[in-house]
1. Search segment 213-261 for residues being of a type in the set (S, T, N, Q) and in contact with a Ser or Thr (Cβ under 7 Å, 6 or more places away or on another chain), and hand back the single one that is farthest from Val275 (Cα to Cα).
2. Tell me, which helices (runs of 4 or more DSSP H) lie completely within segment 114-208 with 1 or more residues that are farther than 26 Å from Gly249 by Cα?
3. Report the residue count in segment 236-266 for those that are free of Cβ contacts under 8 Å to residues at least 60 places away in the same chain and within 17 Å of Arg184 (Cβ to Cβ).
4. Scan (1) crowded, with 19+ Cβ neighbours inside 10 Å; (2) closer than 27 Å to Leu313 by Cβ for the single condition His232 breaks and write down its number.
5. Check Ile341 against each of (1) in a helix (DSSP H, G or I); (2) surrounded by 23 or more Cβ atoms within 10 Å (Cβ to Cβ) and name the one condition it does not meet.
6. What tally of residues in segment 180-236 results from selecting those that are more than 34 Å from the chain's Cα centre (by Cα), farther than 20 Å from Thr258 by Cα and of a type in the set (A, V, I, L, M, F, W, C)?
7. All but one of (1) closer than 22 Å to Thr334 by Cα; (2) part of a strand (DSSP E or B) hold for Tyr107; state the number of the condition that does not hold.
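Laboratory data are not the source of any read-out in this text; all were calculated from the coordinates shown. Everything quoted here is computed from the prediction, not taken from an experiment. Heads up, the Cβs are rebuilt from the backbone with ideal geometry, glycines too, and the neighbour counts pull from every protein chain shown.
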Amino acid sequence: MQSILIYVPKINNRIRFIFKLIITELLGVKINITDDAQSFIQYNGYKLSYAFHPVGHELFICARPLLFETGLKDQEIQVTDWQDTPIFFSTTKFSALPFDIFAASFYMVSRYEEYLPTIYDSHHRFEAHHSLAYTSGFLQKPIVNIWVLNLKELLHEKFPDLVFSKRKYSYVSTIDIDNAWAYRQKGFVRTTGGYVKSLLNIDLKGLAQRTKVLLDLEKDPYDTYDFQLEIHRKYQLKTLYFILFASYGKNDKNVPVTSRKFKELIKSIADNSEVGIHPSYSSNESPERLSKEIKRLSKVLNREITKSRQHFLRLSFPDTYHHLLELGITDDYTMGFASEIGFRAGICDSFNFYDLDLETETKLRIHPFQVMDASLRYYMKVDAHDAIHKIKPIIDEVKKVDGTFMSLWHNESLSNEFPWEGWRYIYEQIIMEALSVPNITNQ
């Protein structure tokens with residue numbers, strides 16, 4: 001791997017993190033960073049300076065203050081358009097790029113705005129509609145990846161023999177199991193409560209269906225596991241599952257963790273797929289509860305649990321990630337909005353969590369997803385027959401930058417029953433579109 005020398009007036013953790021992510025991880029070029037201007041001037045190889053003023057006649061990217069600051073402050077951000085691409089942190093005409101690509105990328109992937117005071121939704125989540133990407137109209141573009149391609153073009157023009165790594169587009173299917181069965185394995189109290197609720201709501205269809213399922217006359221509507229296995233084998237698709245394995249609560253309503261059938265289901269899923277923990281709603285404020293849930297699942301599978309995705313996508317910066325790191329989680333898949341599809345961190349590649357409180361890069365790897373079934377159905381009010389028209393542009397954007405497209409689905413949304421009629425078909429359409437399988441027919 002070739003290397004490039006980078007001059008900065010001051011080396012710090014923010015500089016190390018973002019230059020490594022952009023130039024080494026995304027472009028495949030090694031970096032050496034120096035704050036010695038004289039040695040930089042004398043260097044004859046590939047080099048660029050990132051400072052407030054150029055050192056000499058080198059390739060120069062003008063810096064804005066963000067990467068040389070510590071702590072948090074309100075940033076003055078004005079989004080403009082350059083070559084049909086949204087940019088911010090604009091710079092001087094002497095810069096090789098008209099904006100500070102490194103500061104802008106750091107702002108996005110560090111989720112800087114999510115540390116600042118804001119209005120949260122009812123689940124204490126940072127709201128997509130308050131994000132810079134949404135308000136500026138680029139939430140559905142992997143803006144950081146697009147900027148990196150601009151930088152690659154610039155470097156190639158300046159250094160024609162500089163070799164970049166070849167990237168490869170990929171698709172990752174993930175499924176959350178919040179509620180393994182609609183009626184089975186719920187226990188006497190919850191089953192009785194279900195009957196009472198149906199009676200009070202005069203839900204005769206629900207009463208009949210529950211009874212048929214419990215008498216083994218009909219399959220549980222959430223039992224879509226045979227279909228999942230069949231379709232994943234059909235397309236040779238490896239799928240990552242996240243299991244809610246928590247005590248019952250207002251927003252944690254999976255079957256009891258003591259259920260033998262539930263444990264057998266988890267083991268059967270793990271025979272064909274990777275399994276991670278789906279930390280409960282209530283565990284976001286309780287590391288002790290999260291630790292208990294991880295240990296439970298680890299005991300069932302007889303293996304270490306290192307992957308997670310927060311239930312309800314509850315993510316509080318930086319506390320949630322602190323808890324995960326303390327409990328041995330190495331990879332988290334929560335990075336996506338509940339209310340909108342798109343690119344929460346502006347990127348469709350995994351990256352290490354940068355802790356703005358401690359000003360350090362951590363070993364927790366963040367894997368962003370772009371599309372969730374519940375976002376489309378419940379928040380965006382999209383009908384099944386229109387869903388693929390919302391999803392395909394996202395997939396296309398990821399393919400353009402050779403990134404990773406990740407979908408989030410649930411076992412109940414594959415039931416083809418209210419309110420998920422037609423969504424099983426959409427899931428297969430997503431797979432076919434993501435894998436570029438020919439002869440896709442639209443509904």
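1. So, considering only residues that are of a type in the set (S, T, N, Q) and in contact with a Ser or Thr (Cβ under 7 Å, 6 or more places away or on another chain), the one farthest from Val275 (Cα to Cα) is Thr224.
2. 132-135, 143-158
3. So the answer is 8.
4. Of (1) crowded, with 19+ Cβ neighbours inside 10 Å; (2) closer than 27 Å to Leu313 by Cβ, only one is false for His232: (1).
5. It fails just one condition, (1).
6. 10
7. (2)
Each row is one residue, and each column tells you yes or no for (1) surrounded by fewer than 20 Cβ atoms within 10 Å (Cβ to Cβ); (2) over 29 Å from Thr334 (Cα atoms); (3) among the aromatic types (Phe, Trp, Tyr).
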residue	(1), (2), (3)
Gly45	yes, yes, no
Tyr50	no, yes, yes
Phe60	no, yes, yes
Pro98	yes, yes, no
Pro117	yes, no, no
Tyr134	yes, no, yes
